[in-house]
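A.B. asks: Below is the structure I would like to discuss, written out as structure tokens.
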Amino acid sequence: MSTKLARFAQKRWISSTTSTSNMYDPRLFREPISDVQELRKPLDADDERNFLFVKAMKSDATPVFYRDHVIDKLIRVCTKDGEKETSRKNVLSALEIIKRRQYKAWAKATDEEKQSIELDPFVIARKGIRNCHPLMKLQGVTRGGTTYQVPFPIEEPEAEFRAMKMMRDICRLRSKHGETHFKDILATELLAASQNEGSTIQAKQELHKTCEANRAYAHYRA
Amino acid sequence: MLRIALTRSSRAMSSTSPPAVSESDTSVRKIGKALETYLKNSQQHVAMMEKHRADFETGRRHLAKMMSLDIHELDQAAIDRAIQYLFPSGLTDPKARPVMRPPDEILPKFQRFTFDEEGKPEGTRFFTLNPKIYGLLSEIGVKTQSVMKFYDEHVGSRSVNRSDLETANLSGSQWITADKMKKKLSEKFSNELYGQVIIAFEHLASLPGSAIEQKFLSEFREPMTASTDSKLFGLAIPNVQTCAETNRRYAEVTTHCKDTRAVVKVTDAGKGKFSIDGLQLHDFRHLQSREILLAPFIISQTLGKFDVTATTDCISNSLPEAPNREPLKRTGGMSALPRAVRHGTALCIAALHPESIEPLRLSGLLTLDPRKNERSKVNQPGARAKWIWKRR
Amino acid sequence: MKSSGRVIWSVSQTVGCRRIGIVGSRHLSTEPNIQKNVEVGTLQEIQMSVAKQLNMKNHLPSPMSKQMETLGELVTLIRDPMVEIASCMRVIDKKLPTLRLVLWGPFGTGKTVTLNQAVHHAYNNNWAIVHLRSAMELTRRVKEIEMSSFVSGRINDPSNAVSILQNFKQQNQHIWKLLGDLLTEKDYEWSKSERTMQGKPITEIIEMGITAPYLASDCVGALFRELRRHAKDDKLKVLVAVDDANSLWGKTLVKRADRTYASPSDLTLVVHFRRLFANDWTNGCVLMVADKKEVSDARNELRVSRYTPLELFGEEGFEYVEPFVPIETTNYSESETDKIYKYYVNKNWLASKAARSEEGRKQLMHLSAFNPYYYERLCAFN
């Protein structure tokens, strides 16, 4: 009985959502342009945005020079209980810590080594998250009472989210008892991930191993 | 217009024997049934309309007498005012309030059909009950075929304009809504049928070569943002004024965001000073607040060129029911207040610095954010949150 | 290396194929004996050894001390308030009563940093330094208390007293010999067994306090008394630098035996510092900082606190501290921001390319609202 219901829900014959009305009428509004360079270019004559309204700019999307999509997304993912300011403080402090560590190493290094040390924390964080992108995800598919973990392909945005979520959960576990702060652990993780080391990379590799092991279930992918 | 040709001539032409008279009699009656019903309805309608028109005239005279106006002065606007005075209504929907109009405007129209001499309706679609929309569908079908044929014949040939071989340009417009289509065809039909019509239209518009049917398609399209002339949602760009004493240009505007109302004044030839409720920019401790406040300047590349003065208050505190509630002590803090000021600043900069109107519009700074706090519902802790669900 | 006055160094950066030479000027404080002209708008470098002796790491605000640690040098901008303080300090004379200066200003404009610069200036000119990191430590971060045996009803704070004495010892190493030559005025009976005789060097009081915490609070009082006396006799000049000074008249978290909160006047250390602020002695300079930490709610992130001296000291405090010279600290001007920006770029501290562009420079300036604290925070993660 429950499987039938589950199949029903899967095929979405029964609607389970409450009101999903948008204050912005989707026929009349389009997304704003967030990149400053693109804003300067004139629009095509028959671009629909010439005739449509544009949605209001989001609070955290001001096109400041340090606006970075990966860092903003990481801030959102690490937010807890709606306290985005705390999350922003943590993530930006983590970036600062990365920069300080790299700077100290750079100051000590010889002239040849100096070239290879990256000081920009944004670049390091991006590289770290990039290295943690999983290539597949495991989704539970129920067949005949048993739920099998089936490997599925994954899109870029979802892979990015999963990488950030893995990193966030690991950092939260480690900072649970309050000795080390979340920002320090996040900084360590990002630095390590940019070198393809660290617990998040390990977790990603284990995920890949499980996907490889469950390769046989791939035909459940229907 | 109604021609009821009795079938003496047809009877004469038939080769049937006299006993077939009764048959043809019945067959005439059968054809005439549709016609009969139609005639009856039509007569009823005519009679009803006559009665209503007479009633309306009488009503007009009475009304003129009541309002001590001359009957010739009583045009429709005067009637509306009189009805509003005599029957004051507290109903919020304007369409639900009492109205007095000539019956031709209010009462449903009667569909007129043409019938041929045998009493058969002209046009086979009478019996579909939605002749006009099925007619439209047929027309779209025929045009689809012709467009495909046109394209197949003329693709690659030089005798035809290149522009004719492209798909129709329908940007900036949208299909007319079901209501508008009903008015246009003066016929009622179901929403499923409307959906089918749109599907057919979309298919036609997507074909290469449909540019030749541009005119036909445009008849059923209306421009987007048709209700407003401007491309801005919310307030319009204010006018630039000049301060008499200092001779500096400035623009002033009142906007709101969530529950915060802000009166913002941006002055030209400034140094980038802020004075929001007496606070300066460095009094906004959160980085995000300062980012929001400076966003219009960053986009229009006018950092440090204008001065901003703003005062804010709570909209809820100024509503009529506010005295019965505890007043809200402060307006939106970290995000809503700066957003309200940002909207005002952007509009004023658009007035003082017109080159930046397009970048400001496309980045979304000139749009009034329509989002408000969602109300909390009964039996729930908040707007969306639910109590912890227990299975039993 | 003996150098006097300015050392000019030039750093050239290759941008693309052009060479841009940037000339900056810094003071290297290598000659402590000359009352130097402190110039406005220069970046002053304080040697790490000096900074260590003056315990700058604890006394500077935490972002600044982190910066000191990372960059390996302590470089601050000399601004107008510092120049005013320096000129006031030049005027100090044994005939004039102590000059009281109050540093005030909105949040993040350099009150504590200017205070530390003044301490460094005093160090350069061989003054005695009494530097308290924060008066709030005396009123709110009291770990253990003891009832005073000297005056009944007073509350002693052993750990804070010991740290004050240790700090004094560390910061005044440059005049330790001189202090050793100054002698006590009278017999000090600390308790039944310990006493310091008259005519002993006052450094003994300090040693006594450090070794015996339960006597430390009284030792502090005695030390201050001796300092005031010797300053009057023109043996030395004293700079009293107290951060968050308005807390001496503020709220306490010290609970008495009957579970009520003590007022600041009941704490011995507070009383000693208040006596230092009195202008009945000469040849000294009292530098106070009026900070909003005392009155602001740490959990309210939106409220803007008051920052004027009258509102921060309160009626009682203001009356006590009057008359004083108010020195206001303000936000950066554009040229000052530029100097800091160039310094960061030179040190390779601004790491991202966008931050080093012209647009980045302008946005950094405005986004920080020209506030020094916010500017430093913005530059920290870029």
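The values are calculated or read from the model by the stated rules, or taken from the named source; none is laboratory data. Remember, it's a predicted structure, so these values are computed and weren't measured experimentally. Using ideal geometry, Cβ is built from the backbone for each residue, glycine included, and neighbour counts are taken over all protein chains shown.
Here is a yes/no grid of residues against (1) exposed (fewer than 13 other Cβ atoms within 10 Å of the Cβ); (2) touching a Gly at 6+ places or on another chain (Cβ under 9 Å); (3) more than 24 Å from A:Arg100 (Cα to Cα):
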residue	(1), (2), (3)
A:Pro151	no, no, yes
A:Glu155	yes, no, yes
A:Ile170	no, yes, no
A:Leu173	yes, no, yes
A:Leu186	no, no, no
A:Arg221	yes, no, yes
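A.B. asks: Could I ask something else about it? Kindly indicate whether any position in segment C:223-234 is within 29 Å of C:Ser152 (Cα to Cα) and in contact with a helix residue (DSSP H, G or I) (Cβ under 6 Å, 6 or more places away or on another chain). Steps first, please.
C.D. replies: Filtering segment C:223-234 for residues within 29 Å of C:Ser152 (Cα to Cα) gives C:223-230.
The next check asks that each one be in contact with a helix residue (DSSP H, G or I) (Cβ under 6 Å, 6 or more places away or on another chain); those that pass are C:223-224.
Scanning segment C:223-234 turns up at least one residue that is within 29 Å of C:Ser152 (Cα to Cα) and in contact with a helix residue (DSSP H, G or I) (Cβ under 6 Å, 6 or more places away or on another chain).
A.B. asks: Follow-up question, since we're still on this one. Just to confirm my filter: which helices (runs of 4 or more DSSP H) fall fully inside segment B:1-117 and include at least 1 residues that are modelled with pLDDT under 85 and over 25 Å from B:Lys188 (Cα atoms)?
C.D. replies: Output list reads B:8-13, B:20-66.
A.B. asks: Consider B:Val308 carefully, then state whether it is closer than 20 Å to C:Leu302 by Cβ, away from chain C (no Cβ under 11 Å) and over 33 Å from the mean Cα position of the chain (by Cα).
C.D. replies: Values: closer than 20 Å to C:Leu302 by Cβ: yes; away from chain C (no Cβ under 11 Å): yes; over 33 Å from the mean Cα position of the chain (by Cα): yes.
Answer is yes for this residue.
A.B. asks: Would you please name the residue that is nearest to the other protein chains (Cβ to nearest Cβ), looking only at residues in segment B:157-175 that are more than 32 Å from the chain's Cα centre (by Cα) and part of a loop (DSSP other than H, G, I, E, B)?
C.D. replies: Taking segment B:157-175 first, the residues more than 32 Å from the chain's Cα centre (by Cα) are B:157-162, B:165.
Filter once more, keeping what is part of a loop (DSSP other than H, G, I, E, B): B:157-162.
Values: B:Ser157: 26, B:Arg158: 26, B:Ser159: 27, B:Val160: 22, B:Asn161: 18, B:Arg162: 16 Å.
Selected residue: B:Arg162.
A.B. asks: Of the conditions (1) within 23 Å of A:Pro32 (Cα to Cα); (2) crowded, with 19+ Cβ neighbours inside 10 Å; (3) among the hydrophobic types (A, V, I, L, M, F, W, C), A:Phe161 clears all except one; give me its number.
C.D. replies: (2)
A.B. asks: Name every residue in segment A:172-185 that is free of Cβ contacts under 8 Å to residues at least 60 places away in the same chain and assigned to a helix (DSSP H, G or I), in order of residue number.
C.D. replies: Correct list: A:Arg172, A:Leu173, A:Arg174, A:Ile185.
A.B. asks: Could you go through segment A:63-73 and let me know if any residue there is assigned to a loop (DSSP other than H, G, I, E, B) and at the interface with chain B (Cβ under 7 Å from one of its Cβ atoms).
C.D. replies: First, pick out the residues of segment A:63-73 that are assigned to a loop (DSSP other than H, G, I, E, B): A:63-68.
Of the ones still in play, those that are also at the interface with chain B (Cβ under 7 Å from one of its Cβ atoms) are A:63-64.
Checking segment A:63-73: at least one residue is assigned to a loop (DSSP other than H, G, I, E, B) and at the interface with chain B (Cβ under 7 Å from one of its Cβ atoms).
A.B. asks: Could you tell me how many of the residues in segment C:336-374 are polar (S, T, N, Q), within 18 Å of C:Gly108 (Cα to Cα) and either without any contact (Cβ under 8 Å) to a residue 60 or more places away in the chain or away from chain B (no Cβ under 13 Å) (or both)? So that I can check it myself, show each step before the final result.
C.D. replies: Initially, segment C:336-374 is screened for residues polar (S, T, N, Q), giving C:337, C:346, C:348, C:352, C:357, C:363, C:368, C:371.
If we keep only those that are within 18 Å of C:Gly108 (Cα to Cα) as well, we get C:337, C:368, C:371.
When the remaining residues are screened for being either without any contact (Cβ under 8 Å) to a residue 60 or more places away in the chain or away from chain B (no Cβ under 13 Å) (or both), the result is C:337, C:368.
Looking only at that region, the number is 2.
A.B. asks: Within segment A:78-91, is there a residue that is surrounded by 18 or more Cβ atoms within 10 Å (Cβ to Cβ), under 16 Å from the mean Cα position of the chain (by Cα) and facing chain C (nearest Cβ under 10 Å)?
C.D. replies: yes
A.B. asks: If the Cβ limit is 6 Å and pairs must be 6+ apart or interchain, which residue in segment A:30-54 that is more than 7 Å from chain B (Cβ to nearest Cβ) and under 19 Å from B:Leu235 (Cα atoms) pairs with which residue that is assigned to a helix (DSSP H, G or I) and of a type outside the set (Ser, Thr, Tyr)?
C.D. replies: Hits for this filter: A:Arg30/A:Arg49.
A.B. asks: Which residue pairs have Cβ atoms closer than 7 Å, lie 6 or more positions apart in sequence or on different chains, and pair a first residue in segment C:160-184 that is in a loop (DSSP other than H, G, I, E, B) with a second residue that is among the polar types (S, T, N, Q)?
C.D. replies: C:Thr184/C:Thr196; C:Thr184/C:Gln198
A.B. asks: Going through segment B:124-169 one residue at a time, which ones are over 24 Å from B:Ala34 (Cα atoms) and of a type in the set (A, V, I, L, M)?
C.D. replies: B:Leu137, B:Ile140, B:Val142, B:Val147, B:Met148, B:Val155, B:Val160, B:Leu165, B:Ala168
A.B. asks: Could you list, in sequence order, the residues of segment C:185-206 that are farther than 20 Å from C:Phe273 by Cα and outside any loop (DSSP other than H, G, I, E, B)?
C.D. replies: Matches in segment C:185-206: C:Glu189, C:Arg195, C:Thr196, C:Pro201, C:Glu204.
A.B. asks: Turning to a different aspect of this structure: Restricting attention to segment C:141-151, which residues are farther than 24 Å from C:Leu54 by Cα and of a type in the set (Lys, Arg)? If you could, list the steps in order and put the result at the bottom.
C.D. replies: If we filter segment C:141-151 for residues that are farther than 24 Å from C:Leu54 by Cα, which is where we start, we get C:143-151.
Of everything in segment C:141-151, just one residue is farther than 24 Å from C:Leu54 by Cα and of a type in the set (Lys, Arg), namely C:Lys143.
A.B. asks: Check off (1) surrounded by fewer than 19 Cβ atoms within 10 Å (Cβ to Cβ); (2) assigned to a helix (DSSP H, G or I); (3) without any contact (Cβ under 8 Å) to a residue 60 or more places away in the chain for B:Thr246 and give me the number that stays unchecked.
C.D. replies: (2)
A.B. asks: Can you tell me which of B:Lys215, B:Lys231, B:Lys183 is surrounded by 17 or more Cβ atoms within 10 Å (Cβ to Cβ) and either outside the structural domain of B:Ala346 (by TED's automatic domain parsing) or within 21 Å of the chain's Cα centre (by Cα) (or both)?
C.D. replies: On the way: B:Lys215 fails: surrounded by 17 or more Cβ atoms within 10 Å (Cβ to Cβ); B:Lys183 fails: surrounded by 17 or more Cβ atoms within 10 Å (Cβ to Cβ).
Answer to the selection: B:Lys231.
Table: residues versus (1) out of contact with any strand residue (DSSP E or B) (no Cβ under 9 Å at 6 or more places or on another chain); (2) in a strand (DSSP E or B); (3) of a type in the set (A, V, I, L, M); (4) within 14 Å of chain A (Cβ to nearest Cβ).
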residue	(1), (2), (3), (4)
C:Gln67	no, no, no, yes
C:Thr70	yes, no, no, yes
C:Phe107	yes, no, no, no
C:Leu115	no, no, yes, no
C:His120	no, no, no, no
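A.B. asks: Hey, could you check segment A:96-129 for residues that are part of a loop (DSSP other than H, G, I, E, B) and acidic (Asp, Glu) and say which is surrounded by the most Cβ atoms within 10 Å (Cβ to Cβ)?
C.D. replies: Here is the first cut: in segment A:96-129, the ones part of a loop (DSSP other than H, G, I, E, B) are A:109-110, A:117-120.
Among the residues that remain, those that are also acidic (Asp, Glu) are: A:118, A:120.
Values: A:Glu118: 16, A:Asp120: 19.
Filtering first and then ranking leaves A:Asp120.
A.B. asks: Could you please find all residues in segment B:265-301 being within 9 Å of chain C (Cβ to nearest Cβ), outside any helix (DSSP H, G or I) and of a type in the set (A, V, I, L, M, F, W, C)?
C.D. replies: If the condition is that a residue be within 9 Å of chain C (Cβ to nearest Cβ), outside any helix (DSSP H, G or I) and of a type in the set (A, V, I, L, M, F, W, C), then B:Phe274, B:Leu279, B:Phe284 are the ones that fit.
A.B. asks: For B:Ser318, work out the one condition from (1) within 11 Å of chain A (Cβ to nearest Cβ); (2) more than 22 Å from A:Arg30 (Cα to Cα); (3) exposed (fewer than 13 other Cβ atoms within 10 Å of the Cβ) it doesn't fulfil.
C.D. replies: Answer for B:Ser318: the failing condition is (1).
A.B. asks: Filter segment B:291-317 down to the residues that are at pLDDT below 95 and of a type in the set (Asp, Glu) and list them by number.
C.D. replies: Scanning segment B:291-317 gives a single hit, B:Asp313.
A.B. asks: Right, here's the next one. Out of B:Ser138, B:Ser171, B:Ser218, report the one residue that is more than 30 Å from B:Leu362 (Cβ to Cβ) and among the small types (Gly, Ala, Ser). Lay out the reasoning, then the answer.
C.D. replies: Details: B:Ser171 fails: more than 30 Å from B:Leu362 (Cβ to Cβ); B:Ser218 fails: more than 30 Å from B:Leu362 (Cβ to Cβ).
Selected residue: B:Ser138, the only one of B:Ser138, B:Ser171, B:Ser218 that is more than 30 Å from B:Leu362 (Cβ to Cβ) and among the small types (Gly, Ala, Ser).
A.B. asks: Moving to a separate point now. Please work out which residue is surrounded by the fewest Cβ atoms within 10 Å (Cβ to Cβ), limiting yourself to segment B:338-354 and to residues that are within 12 Å of chain A (Cβ to nearest Cβ) and in contact with a helix residue (DSSP H, G or I) (Cβ under 8 Å, 6 or more places away or on another chain). Can you show your working first?
C.D. replies: Going through segment B:338-354, the residues within 12 Å of chain A (Cβ to nearest Cβ) turn out to be B:338-340, B:342-343, B:346.
If we keep only those that are in contact with a helix residue (DSSP H, G or I) (Cβ under 8 Å, 6 or more places away or on another chain) too, we end up with B:338-339, B:342, B:346.
Details: B:Pro338: 29, B:Arg339: 27, B:Arg342: 29, B:Ala346: 31.
For segment B:338-354, the residue satisfying everything is B:Arg339.
A.B. asks: One residue is enough: does segment C:312-324 have a residue meeting the conditions within 14 Å of chain B (Cβ to nearest Cβ) and either within 20 Å of C:Thr114 (Cβ to Cβ) or buried (at least 16 other Cβ atoms within 10 Å of the Cβ) (or both)?
C.D. replies: Checking segment C:312-324: not a single residue is within 14 Å of chain B (Cβ to nearest Cβ) and either within 20 Å of C:Thr114 (Cβ to Cβ) or buried (at least 16 other Cβ atoms within 10 Å of the Cβ) (or both).
A.B. asks: Mind checking which pairs have a first residue in segment B:344-357 that is closer than 14 Å to B:Leu293 by Cβ and a second that is of a type in the set (A, V, I, L, M, F, W, C) and in a helix (DSSP H, G or I), Cβ under 7 Å, 6 or more apart or different chains?
C.D. replies: That search, which allows pairs on different chains as well, returns B:Ala346/B:Leu360; B:Ile349/B:Leu360.
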